[in-house]
Amino acid sequence: MTAALAKPVTAFSPSKASHSSSLIDIQAVDNRRMHHALQISEIMDLIVGELALPSPCIQGKALAALATTCTIFHDIALDALWRHQRNILNLIRCMPADLWETVEEIRYRSTNRTLRRRRGVVASDWDRVSKYAHRIKSLVCFDSGDGKPHLFDVYQTLWQDFPGDYLLPNLESLTWQHWKPSYSSFIELFLGPRITSIYVGAQDDDRCPALAAVGQRYPDLVSATFLGLSVRSSASELQRLSTFIRALTRVESLKVEMIDSEALRHLGQLTTLKMLHTTFPDWIAPPAMERSMFPALRDTHLSIDGDLSPFIAFMRTWNNPQIQSFSTVVDYPRDLQHVADLYQVLATSCVQRHLETLKVYFDGHDRSFVPHPGHFFAHLLAFTYLRIVEIRVPGGYNLDDATISDMARAWPYIQKLELAESSRRHDDPPGCTMLGLRFLAQQCSHLHSLRITLDASRIPPAAIDPAERVVQDELVYLDTTLSPISDPWSVARFISAIFPNATRLASSWDSNWDSTVRDQHRQRWDTVRRTLERRRRR
């Protein structure tokens with residue numbers, strides 16, 4: 001079905017422009033009456049900075065008012081007003097009112113609003129655009145939504161009729177988020193000489209034509225994100241991505257969904273790269289790199305498709321970087337020695353005192369997976385400044401209270417600890433008990449979020465000596481996941497005694513459990529939750 005109805009709704013008038021498209025022409029004001037401190041640029045920057053409130057509406061109105069106060073504020077306020085644009089609409093509103101109209105199109109029982117040109121473009125139509133376009137430093141272009149019109153015709157008009165070399169000559173940061181491939185060629189409208197940051201989102205055909213537009217023209221990019229390429233993408237597209245990466249010389253942040261050995265080797269030689277988010281495909285060969293690579297790396301999010309060996313080989317090339325955040329998604333290996341090797345190489349390949357965030361997600365849905373051995377965590381205890389630890393496995397953990405105690409002593413600054421598992425036999429209780437909670441309360445005073453499976457049917461006796469009682473009042477969220485339980489009231493008393501501010505309690509169950517077991521499990525943990533709520537209301 002094609003469009004059944006298309007009708008003009010309104011002229012697209014500057015009078016209906018938002019705050020940040022205000023066309024401000026003011027009379028000169030005698031600056032001699034202004035305080036001499038306002039002649040100092042740093043003070044002016046502070047004043048404008050105070051008006052940069054979180055709400056764009058408030059921010060825009062305040063800056064527009066400041067720009068009209070007097071000439072001394074005019075340019076600096078306008079620069080701040082236009083610096084960050086969430087779409088191109090405000091700039092389009094600078095054009096004459098009779099140039100555009102909003103048209104409603106009914107397609108597939110839905111109404112789409114489209115901005116269309118009403119007449120031909122003349123040279124004078126660009127006068128006000130040029131007055132404000134050079135002030136834009138950051139631009140986001142995305143598919144229409146929230147009542148905003150489609151902009152395909154606008155992009156096409158700009159592409160065909162703009163008379164200059166660069167529409168936004170001072171643009172530094174571009175975010176391009178158009179799902180439809182028909183928009184892809186228009187990205188060149190905004191690629192000016194000062195671009196240092198590019199974010200290109202995925203489109204619906206597993207291609208990334210923007211790579212051809214960018215090519216090797218921007219070797220000095222500081223931040224680059226190109227999403228959408230995958231194993232389904234053509235070899236030429238993947239090669240274009242590799243060529244783009246190998247042309248970068250100053251990049252600090254790189255996010256791509258695929259990478260090859262040559263690109264990885266090039267990145268390892270850069271002294272600027274701090275953030276790397278990518279995926280190791282299953283066909284990648286271990287990079288033939290000598291040790292002492294990636295010296296400046298601080299933040300990694302690395303997904304691995306297939307064997308862990310190339311990834312472990314890659315980590316062994318690190319030149320002891322000061323990694324602060326390490327995150328990875330891997331297939332849970334049949335040979336668990338690979339898990340131990342992963343932890344060990346992480347502990348020996350980066351500066352231990354700098355790691356604050358550790359996230360390891362093991363994928364897998366086979367219930368025959370062997371549980372994650374608890375002694376593997378010994379390799380991670382060297383990271384004594386960890387704040388966030390999230391480890392997820394498909395087949396559970398072989399943990400005991402002694403291992404939990406070791407973790408608690410090794411990670412005194414931990415704020416969020418998540419040891420998640422997706423399945424467990426109901427007749428195979430975990431080795432750690434409620435005593436593990438007491439160890440965490442004793443040693444981890446900053447812990448506010450905890451997810452762990454333990455044997456809640458084994459409850460240690462309460463401390464008789466007041467000096468031995470433990471109260472940790474930072475914990476707010478407790479997820480006991482698949483923890484077996486027999487006496488919900490005793491469990492509630494134990495939790496409330498050591499974690500009095502645990503206001504959010506969650507639990508889960510294995511879908512493969514017998515329905516009777518599953519219902520009983522859910523009811524008992526619901527009783528714990530309700531009991532804790534009643535205690536807090538007293």
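The values are calculated or read from the model by the stated rules, or taken from the named source; none is laboratory data. Since this is a predicted model, take the numbers as computed values, not measurements. Reconstructed Cβ throughout: ideal geometry from the backbone, glycine too, with neighbour counts over all protein chains shown.
Close contacts from segment 380-393, counting a first residue that is outside any helix (DSSP H, G or I) and a second that is buried (at least 19 other Cβ atoms within 10 Å of the Cβ) and among the hydroxyl-bearing types (Ser, Thr, Tyr), with Cβ to Cβ under 7 Å and a gap of 6+ residues or different chains, come to Val393/Tyr332.
Tally time: how many residues in segment 306-335 are part of a loop (DSSP other than H, G, I, E, B) and free of Cβ contacts under 8 Å to residues at least 60 places away in the same chain?
The first filter runs over segment 306-335 and keeps only residues part of a loop (DSSP other than H, G, I, E, B), leaving 306-308, 316-317, 319-324, 332-335.
Add one more test, that the residue is free of Cβ contacts under 8 Å to residues at least 60 places away in the same chain, and what stays is 306-308, 316-317, 319-324, 333-335.
Residues meeting the conditions: 14.
One residue stands out in segment 105-129 among those that are outside any loop (DSSP other than H, G, I, E, B) and either under 19 Å from Leu174 (Cα atoms) or of a type in the set (Lys, Arg) (or both): the one that is modelled with the lowest pLDDT, namely Arg107.
Would you mind stating whether Ile76 is outside any strand (DSSP E or B) and either over 30 Å from Val154 (Cβ atoms) or modelled with pLDDT of 70 or more (or both)? Here the answer is yes, as Ile76 does meet what is asked. Going residue by residue through segment 509-525, is there one that turns out to be among the polar types (S, T, N, Q), under 20 Å from Gly396 (Cβ atoms) and touching a helix residue (DSSP H, G or I) at 6+ places or on another chain (Cβ under 7 Å)? No, segment 509-525 has no match at all.
Select from segment 347-367 the residues that are under 17 Å from Leu419 (Cβ atoms) and in contact with a helix residue (DSSP H, G or I) (Cβ under 9 Å, 6 or more places away or on another chain) and write down the one among them that is modelled with the lowest pLDDT. Top of the filtered list is Phe362. If you filter segment 390-418 down to residues that are aromatic (Phe, Trp, Tyr) and over 20 Å from Leu336 (Cβ atoms), you find that the one that is farthest from the chain's Cα centre (by Cα) is Trp411.
For Asp153, are the conditions met, namely being surrounded by fewer than 20 Cβ atoms within 10 Å (Cβ to Cβ) and part of a loop (DSSP other than H, G, I, E, B)? Step through it out loud before you land on a result.
On the way: surrounded by fewer than 20 Cβ atoms within 10 Å (Cβ to Cβ): yes; part of a loop (DSSP other than H, G, I, E, B): no.
No, not satisfied.
Is there a residue being more than 25 Å from the chain's Cα centre (by Cα), at pLDDT 95 or above and not small (Gly, Ala, Ser) anywhere in segment 220-233? Spell out how you get there, then give the answer.
At the first step, the residues of segment 220-233 found to be more than 25 Å from the chain's Cα centre (by Cα) are none.
No, segment 220-233 contains no residue that is more than 25 Å from the chain's Cα centre (by Cα), at pLDDT 95 or above and not small (Gly, Ala, Ser).
Free of Cβ contacts under 8 Å to residues at least 24 places away in the same chain and either surrounded by 15 or more Cβ atoms within 10 Å (Cβ to Cβ) or farther than 14 Å from Leu91 by Cα (or both): which single residue out of Gln160, Gln177 fits that description? Gln160 is the lone residue from the list that is free of Cβ contacts under 8 Å to residues at least 24 places away in the same chain and either surrounded by 15 or more Cβ atoms within 10 Å (Cβ to Cβ) or farther than 14 Å from Leu91 by Cα (or both).
Those residues that are at pLDDT 90 or above and of a type outside the set (Phe, Trp, Tyr), I need them from segment 325-335; list them, please. Full working, then the answer.
Initially, segment 325-335 is screened for residues at pLDDT 90 or above, giving 325-330.
Those that are at pLDDT 90 or above and of a type outside the set (Phe, Trp, Tyr): Ser325, Ser327, Thr328, Val329, Val330.
You will find that of Ala382, Ala402, the residue that is at pLDDT 95 or above, of a type in the set (A, V, I, L, M, F, W, C) and more than 13 Å from Cys432 (Cβ to Cβ) is Ala382 and no other. With respect to (1) within 24 Å of the chain's Cα centre (by Cα); (2) buried (at least 18 other Cβ atoms within 10 Å of the Cβ), the lone exception for Phe186 is condition (1).
Scan segment 219-248 for residues that are touching a Ser or Thr at 6+ places or on another chain (Cβ under 8 Å) and in a loop (DSSP other than H, G, I, E, B) and the total you get is 4. No other residue among Trp489, Trp525, Trp513 is among the aromatic types (Phe, Trp, Tyr) and surrounded by fewer than 16 Cβ atoms within 10 Å (Cβ to Cβ) apart from Trp489. Of the residues making up segment 306-324, those that are surrounded by fewer than 18 Cβ atoms within 10 Å (Cβ to Cβ) and at pLDDT below 90 number 7.
Applying the selection to segment 368-413, what residues are of a type in the set (Val, Ile, Thr) and either crowded, with 17+ Cβ neighbours inside 10 Å or under 13 Å from Leu447 (Cβ atoms) (or both)? Write out each step before concluding.
Initial filter on segment 368-413 (of a type in the set (Val, Ile, Thr)): 370, 384, 388-389, 391, 393, 403-404.
Correct list: Ile388, Val389, Ile391, Val393, Thr403, Ile404.
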